[in-house]
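Beneath this line is the structure, given in structure tokens, with notes to follow.
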Amino acid sequence: MFEKILIANRGEIALRIHRACREMGIKTVAVHSEADANAMHVRLADEAVCIGPARSGDSYLNKPAIISAAIITGADAIHPGYGFLSENADFAEMVEKHGITFIGPTVEQMRLMGDKITARKAAKDAGLPITEGSPALDTIDDAKHWAHKIGYPVIIKAKDGGGGKGMKISFSDNDIEEAYTMAKAEAKASFPSDVVYMEKYLQHPRHIEMQVLADKYGHVVHLGERDCSIQRNNQKVIEECPSPALNQKQRQKIGEIVRKAIAKIGYQNAGTLEFLYEDGRFYFMEMNTRLQVEHPITEAVTGIDIVKEQIRIAAGSQLGYTQEDIHFNGHAIECRINAEDPTNFVPCPGKIQEWHAPGGLGVRVDSEIYSGYSIPPYYDSMIAKLIVHAQTRNAALMRLRRALEEFVIMGVKTTIPLHQKIISQPEYLDGQYDIHWLEKFMEEQSKNKEG
Ligand code: ADP
């Protein structure tokens, strides 16, 4: 087992990884920007190294500085968390070249899955259901040709895309040129390559993803699904496990397809396969080769600590259990709480005057915040994840309502009022929502206000 792990991240996820290491008897090294010197993960780690100025590009994305910090402190592995360098294959390669273990899949697997075009091909070859799509589109005529072949509406995506950027929908020949040109321009501005391709656009799908764990010896298990359809700007807001849209038979069926595909690809470590789900059918969208923000709801339902499993697998341990050993217990829901104005989503950094997190049976709060902490303006505005777990979906919803009521965060605006509103809507209570539901709901709200 590793003796010392460097955590190449910040915020709640750095703290989450630190906690797993601590319980495994592994020492931790925190890295931080100048703006994060007082962060909780820095305070709790065994050692801390400042890796640069506030701007992420100079610190949390600064590969040489992070690797130097690992060498100086004698860390034998690096956990990248999510975001930042977690899906950067070049970083993983540099880490491994220095004799340090990257906690994640192999560099080749990261490259394969990091490119949406090669990932789609690998997924299809491994037997995963997938939307109809095109190869790389070189010209507008190419785009038109494929749009006719696939059938409108279509969505044009950057092959290196992420974070919901660079995706454009086209409904007919009238707007295909604009969609193609804009997707390409956005790809050029945001990603290493401006190559784009096309997929069939599904009009009212749910976002359902499958969590997998695989060791280095070909053992694969799936840990069930997460429904992440409550989204805004292609970003997840509330997630739940299991999905209210699936029955046991459907769950088992997609679980087996995924397990076989992951074994065929030879994937290692934790990963998530994201699907769109419409009219009873799954369509593979992409694979995330890292820990997900919403992993705690799966942990609640399966009792498996996914971060510890990632570390164990990276250290060469066998899974030690099979699919039959995994039991799904109850229902879990996560709310992502952001320091934002809940009416217009403008970030609201600043000093936390008072902080009181909810507790009690089945309530988990993952957060780096403490009373007196100043949220820096440079990073993502998520400041806490509230996760509840109970025996049934109804009981989980009652618990979530109670926990949101107890939460006190003074000094900055947060999205807690939005969560309270969402979870009291009849469609949400009935589990009847697709990926567009939240945006439509918010549009109606603002119309009502104006009227
Ligand atoms: P990114 O890597 O930027 O997150 P994804 O490919 O994962 O992009 O897509 C993000 C979101 O965009 C999905 O959760 C879904 O809401 C929407 N989306 C992506 N592809 C499609 C599609 N073919 N049809 C309908 N919606 C889509």
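The values are calculated or read from the model by the stated rules, or taken from the named source; none is laboratory data. Since the structure is predicted, the reported quantities are computational estimates derived from the model, not experimental observations. With ideal geometry, Cβ positions are generated from the backbone for all residues, glycine too; neighbour counts draw on all protein chains shown. Please note that ligands, DNA and RNA were not included when accessible areas were found on the heavy atoms of the full protein model with its side chains. Shrake-Rupley method; radii C 1.70, N 1.55, O 1.52, S 1.80 Å.
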For this session: Quote the accessible area belonging to V293 in square angstrom, nearest 10, computed with a 1.4 Å probe and with ligands, DNA and RNA left uncounted.
Result: 20
Seminar exercise, completed: Using the Cα gyration tensor of segment 230-319, the equivalent ellipsoid's semi-axes, largest first and to the nearest Å, work out to 23, 17, 14
For this session: Select from N247, L112, V29 the residue farthest towards the positive end of the dipole of the chain; place +1 on Cβ of Lys and Arg, -1 on Cβ of Asp and Glu, and compute about the Cα centre.
Result: N247
Problem set entry | Selected from S68, F102, G127, residue furthest toward positive end of dipole (segment 67-206; charges at beta carbon) | G127
Exercise. Given the rule -39500 (n - 2.57) for each run of at least 4 DSSP H residues, summed and divided by the residues of the chain, what is its mean residue ellipticity at 222 nm, to the nearest 500 deg cm²/dmol?
Worked result: -10500 deg cm²/dmol
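Given a 1.4 Å probe, how much area per residue of the chain is accessible, in Å²?
Each residue of the chain exposes 42 Å² on average to a 1.4 Å probe.
Give the carbon-plus-sulfur fraction of the accessible surface of the chain in %, rounded to a whole number; probe 1.4 Å, heavy atoms of protein chains only.
49
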Exercise. About its Cα centre, what dipole magnitude does segment 314-359 give when the only charges are +1 on Lys and Arg Cβ and -1 on Asp and Glu Cβ, stated in debye to the nearest 20?
Worked result: 160
Exercise. Just in segment 354-451: which chymotrypsin sites (Phe, Trp or Tyr not before Pro) are loop by DSSP and have at most 15 other Cβ atoms within 10 Å?
Worked result: Y370
Exercise. Could the peptides 341-349, 271-279 be put in order, highest first, of the mean number of other beta-carbon atoms found within 10 Å of their residues?
Worked result: 271-279, 341-349
For this session: Name the residues whose placed amide hydrogens come within less than 5 Å of the amide hydrogen of K159, ignoring near sequence neighbours (fewer than 5 apart) on the same chain.
Result: V195, V196, Y197
Problem set entry | Spatial extent of the chain: Rg and Dmax, with the Cα atoms as the point set, Å | 21.6, 63
For this session: For a quick protection proxy, order the peptides 100-108, 59-67 by their average other-Cβ count within 10 Å, most packed first.
Result: 100-108, 59-67
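Which value, in debye to the nearest 20, gives the size of the charge dipole of the chain about its Cα centre, when Lys and Arg are +1 and Asp and Glu are -1 at the Cβ?
It comes to approximately 540 debye.
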